[in-house]
Each structure stands twice: as C-alpha cells, then as structure tokens.
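First the structure, in the form of structure tokens, and then the observations on it.
The values are calculated or read from the model by the stated rules, or taken from the named source; none is laboratory data. Computed from a prediction, not measured in an experiment: that's the story for all the values here. Glycine also receives a Cβ, built like all others from the backbone with ideal geometry; neighbour counts cover every protein chain displayed. The area values use the complete protein model at the heavy-atom level, side chains included, leaving out ligands, DNA and RNA. Shrake-Rupley method; radii C 1.70, N 1.55, O 1.52, S 1.80 Å.
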Amino acid sequence: MATLIRSKLSNKLSNAATAVSNKSQAKVSGMFAKMGFQAATDEEALGFVACDDLDYDHRQGMQMDILTSEEMGGEGSGDGGVMEGDSHYQRDGTGPPHSASKDGGPTNELAEVKPKITAWEAGWNVTNAIQGMFVLGLPYAILHGGYLGLFLIIFAAVVCCYTGKILISCLYEEDEDGQLVRVRDSYVDIANACCAPRFPSLGGHVVNVAQIIELVMTCILYVVVSGNLMYNSFPNMPISQKSWAIIATAALLPCAFLKSLKAVSKFSLLCTLAHFVINILVIAYCLSRARDWAWDKVKFYIDVKKFPISIGIIVFSYTSQIFLPSLEGNMAKPSEFHCMMNWTHIAACILKGLFALVAYLTWADATKEVITDNLPPTMRAIVNLFLVSKALLSYPLPFFAAVEVLEKTFFQDGGRAYFPDCYGGDGRLKSWGLTLRCSLVVFTLLMAIYVPHFALLMGLTGSLTGAGLCFLLPSLFHLKLLWRKLQWHQVFFDVAIFVIGGICSISGFIHSIEGLIEAFKYNIEE
C-alpha cells in the first residue's frame, strides 16, 4: 500500500514538473521568437531525430560491413585503423570513403579520390588570402589614419579570426551522442538555414551574390595591380598600363583548366614565399633609411573623408571567410582548423603592422597608393617583378572559388540547376564549362581596363562585401543558429561586431563611391 502511494505521488510530482518546464520553455521560446530567434518546431525536432537515427544506422551498417569483410578475409579490410577512422567519420572526415551510393550503385570515382589538404596547405591558402598583394595599400591607410590605422590592423586580425571560427562552427550540429556532425557544406547552406522556414533560399542568394562580387573583385584587383606595377617598372617602354594588363591576363588563361584545390595550394605556397621576399626587400630598404624616419608625421587624428576608405582597405586585406568552408571541408584533419586560423592571423597581424608602419615612416606624406611606386627605379623594377609574379600566382585561388560558386549555383544544383552540368561522366570539363571559365577571365580584364583604381576599388570592395561577409553575416548567423549554446560574452561579441561592422561598411562604401566619382570626373590616373 505504501509503495502504491509513493508511486502515485511520484507520478504527480513528475507530471507537475514537466508542465512547469513546458510552460517556462514556451515563455522563453516566445520571447526569442519576437526577437527573430525561432525555436525548433516539432517537425524540425522530428527531422533532427530522424537524421540522428539515419546517422546511427549508417555508422552501425558501416561497422557491420567492416566486420563481415574481416570475417571473409577481404583484401580491403584494415586491422583496426579503419574502425577508428569510422568512429570519427562524421566529425573530422578521417574515415573511409563510401563504397556505394544511396541507391546501391557505385559512386563517382572522382569523389572517392578527391585529394585532401593538410593544415599547413590550408594555412598557406589562408596566408595567401590575408597576406597577399593588398598589403601594398596598408601604408596608404596609415597615411590617413595614423595610429588608429595601426590599431585597426590588429583589431581586424582578431575579429576576422574570431568570425572565421564561428562561421565554421555554424556548419556543425550535435548528434544524439553529443558529437559534432557536419550538416552544412558551405556559406550558402548556413545562410539558407538561418532564413528557413519562411525564405529557405533567400539567404543563399544573398551570400552567393556577395561571394561572387568579392571573388571577382579580388581577381580584378590582381589584374589592375599587375598592369600598374609593370607600367611603373618600365615607364620608358612604349606599352601602356592597359596593355600590360592584357599581357598579364593572357598568362592567367590556363587558370580556366584548374580542377582541384590541391593544385591551387601549390600556387599559394609559391606565392607566400614570393611575398616574404618582397617584404624583406622593402623593409630592408626602409630600415636603411631609419635615420630619416618621420615619427612626427604619424598622427593621432584622422582624415574624416579619407579614413573610411582606409577602413575598407584594412578589412579587405583580411578577407578569407568565403574560402574557409571549402578549405575546412577539404582538410584531412578539420580538428586542426582553429590552430591554423590562430597562427595565420597572428603572423599576418605582425607582418602587416610592421610593413605598414616602417613604409609610412620612410615616405610619410609622399606615400602612394601602391607603396612600391615610392622605391628607387632599379629596386622598384626588381620588387615589382616579384609582385607581379605573386599577383599571377594569387589569382587562381579566388578564381577557383568564384568558378566553384557559379558552377554549384547554375550547373550543379541537382534538379534545380539552370544549365547542364559542366562535367561529363568521365570527369572531363565540357565545352560550356570551359567557356564559362574563359569568359570570367576576360571579364576581369575588361573591368581592370576600365576601372584602374587600385586603392579605391579595394576600399569599395572591403566596405561593401568584405565587411558583410567577414563581420556582419558570421556574427548574425552565429546568433541565429547557436544562440541556445552561447554564453553572454559570446552574444556581446557578436552584437558588437555586427554594429561596428555595419557602421564601417556604410561609411566606407559612401566615401569610396565618392572617390571613384571624383577620379572619373577629373580623369585621375593611378
């Protein structure tokens, strides 16, 4: 009798506790729904459960296949390394590739042998993106920003490293075992998840447009700076800056045949080595004139009209977020991603700060938009040749990423693709795919010819898409997708980054447009 009474009391207490918990959860969900952070619906929850069940069944099935193959003495079975890889397959991608497709047929062999990159190779790619040609405009940013410009170089490094990490965290969800599973593959997938269920594809379209603008503008800037450097290196030759840009573009046409990120990583390694040689030469020359450094010219006040352009230049010099989902997905060990981001951004911050400061101290108010134009003629020619080779080696990374975005959007989007696939069944590039790539190279040339203003283009791109992709969207997506797991300081950081990034983006965009209008109005050449 006593046992029966205790069981009834226990049931009533548990029911009451459940009711209170449900009411509290409903109030909290209602409050955050008003703020735009919608809790998962019952259908979404059931969907996650179904995904977890399928994931569990899949992993169990893979283990049974391995055990069966071991019992039968199959040639492909491992001694335990395969089992270990399988246990981490969903988390870090180190497990074996799938042996069959969903319908039981063989998978594409190209997908199985897709080369993975190491953390060092991924680091070279990121270093190439954030330590590339655009450091040439940083002394110009110090000219208009003084010590505040130096502070922004450090601040932008910290913020971009943080937003890169939180962007990758949005690719993952926890399964029933508490392990992180990569449920999204790209920046577009993250945007679509944030806009679902009302506008399931709106976010993807916005990010796609921003990515394409950012990547294509980066390619255009490489062509612009190549023509500018060659023209200033050999001013006595009867070749104009536009003609040098055409010659540089002719050397870039083989980029149309790139098929994997592995080849791009090799270019990035060579590019980074060239970058260090350039930095050493320029800094060595500046140090040789250390006695004439104009410390009194480094000011604490800013040029209100020009400094917003400098903000765009600094932000654009750190943009790598659009490459990160692809890089992390192609890494053999994604668990090393955070460490890779730390050392690449610390190195970039130190080298950029030193380069910008010593270069500005050397030439002070005579600092030009492309700092190598301040060098003596002979040394300028040598350094500019290294810079042109670096620009040509840097071009493939944004070009490959832009082509990948275009192909996935218009050619490889399953049944929703607008055009046929660019690749045949044997993995070869079809004629229209090659035409798309060649057209993109030619388009970057035409833009470089008609808008040859390096610093203004860099500031405009950094303010328009750089701030959006590096500051605004990652912080917004992080709040939207992971707000239940965020601590108060993470929420504060995300909101602060969003507000500051928005202000910098708007002001920099307005002043960059004004600068371009003025340059065209008075026919100002670089």
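Things to note:
- For the stretch 400-412, the count of residues that are at pLDDT below 75 and surrounded by fewer than 17 Cβ atoms within 10 Å (Cβ to Cβ) is nonzero.
- Ile153 touching a residue at least 24 places away in the same chain (Cβ under 8 Å), open to solvent by 30 Å² or more (accessible area, probe 1.4 Å) and among the aliphatic types (A, V, I, L, M): no
- Residue within the stretch 279-296 that is assigned to a loop (DSSP other than H, G, I, E, B) and hydroxyl-bearing (Ser, Thr, Tyr) present: no
- Of all the residues in the stretch 282-293, those that are of a type outside the set (S, T, N, Q) and either touching a Leu at 6+ places or on another chain (Cβ under 6 Å) or open to solvent by 60 Å² or more (accessible area, probe 1.4 Å) (or both) number 5.
- Residue selection: Asp303 fails the criterion of being in a helix (DSSP H, G or I) and open to solvent by 10 Å² or more (accessible area, probe 1.4 Å).
- The stretch 316-352: number of residues that are in a helix (DSSP H, G or I), within 21 Å of Ile154 (Cα to Cα) and open to solvent by 10 Å² or more (accessible area, probe 1.4 Å): 9
- With respect to the stated conditions, Ala256 fails to be within 30 Å of Thr409 (Cα to Cα), modelled with pLDDT of 85 or more, in a helix (DSSP H, G or I) and not hydroxyl-bearing (Ser, Thr, Tyr).
- Scanning the stretch 222-251 for residues that are among the aromatic types (Phe, Trp, Tyr) and either open to solvent by less than 40 Å² (accessible area, probe 1.4 Å) or touching a residue at least 40 places away in the same chain (Cβ under 8 Å) (or both) returns Tyr222, Phe234, Trp244.
- Number of the condition not met by Glu176 [criteria: (1) at pLDDT 80 or above; (2) acidic (Asp, Glu); (3) open to solvent by less than 50 Å² (accessible area, probe 1.4 Å)]: (3)
- Scanning the stretch 199-217 turns up no residue that is within 18 Å of Thr372 (Cβ to Cβ), at pLDDT 80 or above and part of a helix (DSSP H, G or I).
- Top-ranked residue in the stretch 156-176 [being in contact (Cβ under 8 Å) with a residue 12 or more places away in the chain and of a type in the set (Asp, Glu); ranked as nearest to Pro308 (Cα to Cα)]: Glu173
- Hits in the stretch 266-305 (condition: among the hydroxyl-bearing types (Ser, Thr, Tyr) and within 19 Å of Val388 (Cβ to Cβ)): Ser268, Thr272, Tyr285
- The helices (runs of 4 or more DSSP H) falling completely within the stretch 426-526 that include 3 or more residues that are open to solvent by less than 80 Å² (accessible area, probe 1.4 Å) and at pLDDT below 90 map to 431-450, 454-461, 488-521.
- Helices (runs of 4 or more DSSP H) enclosed by the stretch 112-191 - at least 2 residues per element that are under 21 Å from Trp363 (Cβ atoms) and in contact with a helix residue (DSSP H, G or I) (Cβ under 6 Å, 6 or more places away or on another chain): 138-145, 147-169
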